[in-house]
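Everything below concerns the one structure shown next.
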Amino acid sequence: MNRKPLIGVPACARMMGEHPFHVVGDKYVRAVSDGAGGMPLLIPALGTALDMDDVAGRLDGLLVTGSPSNVEPHRYGGSPSEPGTLHDPERDDTTLPLIRAALEMGVPLLGICRGFQELNVALGGTLHQRVHEVPGYANHREDKEAPLAVQYGPSHSVRLTPGGVLERLAGGEAAVTVNSLHGQGVDRLADGLIVEAMAEDGLVEAVRVAGAPAFALAVQWHPEWRFWENPLSAAILRAFGSAAAERARRRLS
């Protein structure tokens, strides 16, 4: 009997009032269930309390989400953050080793926004903490006062790498328009990552893992947002889901 692939979705640690919670945005859960055809499994941000090899070994896929928080700069040798920067050390303690474990086991992986940045850090890369303050780069942040439809609306064009995964999923298009809701961005790209898309200002917008035995892609934008209205977003999730389903079939055989 076929079963839906089990796709892990790491949670963020949040205080709600005086109580700590583990939370995942509904749009990511729906992207897994409806876009990728998987069974979402929310992974608590328990850090070293989890055996990451054990967790990764149980999964057919791993989707690493976006988040309002930034990766702690000490994770990649960066300078201290500006006062008031939101961090989530419990998530960092969970996602960074879990990404490495998943890749080592050939678990299909999709990183989105913070997840894209986490993939770069997990493999040894570094980040710009405030891209808009780096000479030569545009402001890639959203207008937080605008309606959500505007925040997640088309923002800027990205050039797709010829012969890459995204170009194929985009039907051979050379460039696509994406949304943009991030303050951090790639500074030094980790060894083992190959650029899949680049913004007009030269900022890396998507990567794949070189030599990965399964789907291993991460994008700086948000394909989970109303993915059914965007052909490339839908194609990314379908490709990820297909890779997870293939792993599930192999594990059952």
Check: Just wondering, is there one or more residues in segment 154-174 that are within 25 Å of LEU86 (Cα to Cα) and in contact with an Asp or Glu (Cβ under 9 Å, 6 or more places away or on another chain)?
Finding: yes
Note to self: Any residue that is loosely packed, with under 15 Cβ neighbours inside 10 Å and either in contact with a strand residue (DSSP E or B) (Cβ under 9 Å, 6 or more places away or on another chain) or under 26 Å from ALA214 (Cα atoms) (or both) - is there at least one of those in segment 135-147?
What the structure shows: no
Margin query: Quick check on my filter: what residues within segment 5-26 are surrounded by fewer than 20 Cβ atoms within 10 Å (Cβ to Cβ) and either touching a Lys or Arg at 6+ places or on another chain (Cβ under 7 Å) or part of a strand (DSSP E or B) (or both)?
Written below: LEU6, ARG14, MET15, MET16, HIS19, PRO20, PHE21, HIS22, VAL23
Checklist line | Selection status of THR177, open to solvent by 70 Å² or more (accessible area, probe 1.4 Å), of a type in the set (S, T, N, Q) and at pLDDT 95 or above | finding: yes
Notebook entry, point to check: So, of the residues in segment 100-121 that are over 9 Å from ALA56 (Cα atoms) and β-branched (Val, Ile, Thr), which turns out to be surrounded by the most Cβ atoms within 10 Å (Cβ to Cβ)?
Noted result: ILE112
Notebook entry, point to check: Can ASP88 be described as of a type in the set (Asp, Glu), open to solvent by less than 10 Å² (accessible area, probe 1.4 Å) and over 22 Å from ARG188 (Cβ atoms)?
Noted result: yes
Check: Among all residue pairs at least 6 apart or on different chains, which show Cβ distances below 8 Å where the first residue, located in segment 28-52, is among the aromatic types (Phe, Trp, Tyr) and the second is part of a strand (DSSP E or B)?
Finding: TYR28/VAL9; TYR28/PRO40; TYR28/LEU63; TYR28/ILE112
Check: Would it be correct to say that ARG208 is among the basic types (Lys, Arg), over 13 Å from the mean Cα position of the chain (by Cα) and not in a loop (DSSP other than H, G, I, E, B)?
Finding: no
Notebook entry, point to check: Which residue out of ALA210, ALA244, ALA199 is small (Gly, Ala, Ser), in contact with a strand residue (DSSP E or B) (Cβ under 6 Å, 6 or more places away or on another chain) and open to solvent by 10 Å² or more (accessible area, probe 1.4 Å)?
Noted result: ALA210
Checklist line | Search result, residues across segment 156-174 that are closer than 27 Å to ALA214 by Cβ, open to solvent by less than 40 Å² (accessible area, probe 1.4 Å) and assigned to a strand (DSSP E or B) | finding: VAL158, LEU160
Check: In segment 31-79, which residues are part of a loop (DSSP other than H, G, I, E, B) and in contact with a Ser or Thr (Cβ under 6 Å, 6 or more places away or on another chain)?
Finding: ALA45, TYR76
Note to self: On the basis of being surrounded by 14 or more Cβ atoms within 10 Å (Cβ to Cβ), modelled with pLDDT of 95 or more, assigned to a loop (DSSP other than H, G, I, E, B) and out of contact with any helix residue (DSSP H, G or I) (no Cβ under 9 Å at 6 or more places or on another chain), does GLY153 make the cut?
What the structure shows: yes
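The values are calculated or read from the model by the stated rules, or taken from the named source; none is laboratory data. Here the structure is a predicted model, which means the values were calculated and not measured. Quick reminder, even Gly has a Cβ in these numbers, built from the backbone with ideal geometry, and neighbours come from all protein chains shown. For the accessible areas, the whole protein counts, side chains as well, though only heavy atoms, and no ligand, DNA or RNA atoms are used. Shrake-Rupley method; radii C 1.70, N 1.55, O 1.52, S 1.80 Å.
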